[in-house]
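Undergrad: This is the structure I have questions about; it appears just below.
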Amino acid sequence: MANLVVHFEIHASEPQRLIDFYSQLLGWRFTQFGDMSYWSIDTGDGAIGNVAGTAGHGINGGLNQRRGPKPKLGASVVGCNFVVAVDDVDGLMRRGVELGGTEALAAQDMQGVGRVGYLLDPDNNVFGLISAVMSDGTTAMGSGA
């Protein structure tokens, strides 16, 4: 078995607010587990069953009720964050702010990586957006580099 990350979780003070945010921004689907304050997140191509490590598959996750205060704006990251591969970093950064998120790190080209930007969701959880295609249309990594 490959040592792949197969699941992520987002903590939410107001779960429905983050469900709406990520559904509208990234098209993710959420399903509540019975009466629990826990929702599975279907990211589309995510696959917990991808134990062979087949390239091109993402991961699915979960959203659960936060058990403490949400992070303060400007505070350092406590825990982990996730990065989502997207086609249009700049467009989704703008859309994320329209949906109630906050820019944490403006979109920028990173040599050898691609176009990268970070947002805070409405609960101040940090996450990144990345594309292999830089702002000038060149590919920084992968098959087109």
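The values are calculated or read from the model by the stated rules, or taken from the named source; none is laboratory data. Computed from a prediction, not measured in an experiment: that's the story for all the values here. Note that we place each Cβ from the backbone using ideal geometry, even for glycine, and neighbour counts take in every protein chain shown. Quick note on the areas: whole protein, heavy atoms, side chains included, nothing else; ligands and nucleic acids left out. Shrake-Rupley method; radii C 1.70, N 1.55, O 1.52, S 1.80 Å.
Undergrad: What is the sum of charges, Lys and Arg at +1 and Asp and Glu at -1, for the other residues whose Cβ falls under 13 Å from the Cβ of residue 94? Present the calculation step by step, with values, prior to reporting the outcome.
TA: Values: positive: 95; negative: 88, 90, 98, 103.
For residues surrounding residue 94, the net value is -3.
Undergrad: Now a separate question. Let me make sure I get this right: for the chain, a, b and c are the square roots of the gyration tensor eigenvalues over alpha carbons, sorted descending. Under 1.5 in a/c it's rounded, otherwise prolate if a/b > b/c, else oblate. Which is it?
TA: On the way: a/c = 1.92, a/b = 1.22, b/c = 1.57.
Oblate is the answer for the chain, as a/c is 1.5 or above yet b/c matches or exceeds a/b.
Undergrad: Here's a follow-up. According to a simple spin-label model (label point 7 Å from Cα along Cα-to-Cβ), what is the distance in nm between residue 5 and residue 83?
TA: Roughly 0.9 nm, to one decimal.
Undergrad: Take the solvent-accessible surface of the protein heavy atoms, probe 1.4 Å, and return the percent of it on the chain that carbon and sulfur atoms account for. Present the calculation step by step, with values, prior to reporting the outcome.
TA: Working: 4430 of 8460 Å².
Ligands and nucleic acids excluded, carbon and sulfur give 52 percent.
Undergrad: So who's got an amide H within less than 5 Å of the one on residue 83, skipping anything under 5 residues away but keeping other chains? H placed 1.01 Å off N, in plane.
TA: Counting only residues 5 or more places away or on other chains, the set is 128.
Undergrad: Rg over Rh of segment 91-145, using C-alpha atoms and the Kirkwood radius, what does it come to?
TA: Values: Rg = 12.1 Å, Rh = 11.5 Å.
My calculation puts Rg/Rh at 1.05.
Undergrad: Where does each of 118-124, 92-98 land if you order them by average Cβ count within 10 Å, highest first? Kindly include the intermediate steps, with their values, before the conclusion.
TA: Working: 118-124: 20.6, 92-98: 17.3.
Final packing ranking: 118-124, 92-98.
Undergrad: Once phi is turned into θ = phi - 60°, what whole-Hz ³J(HN,Hα) does the Karplus curve with 6.51, -1.76 and 1.60 give for every residue of segment 14-28, x standing for Gly and Pro?
TA: Rounded to whole hertz, the list is 10, x, 4, 4, 6, 4, 5, 4, 6, 5, 6, 7, 10, x, 6.
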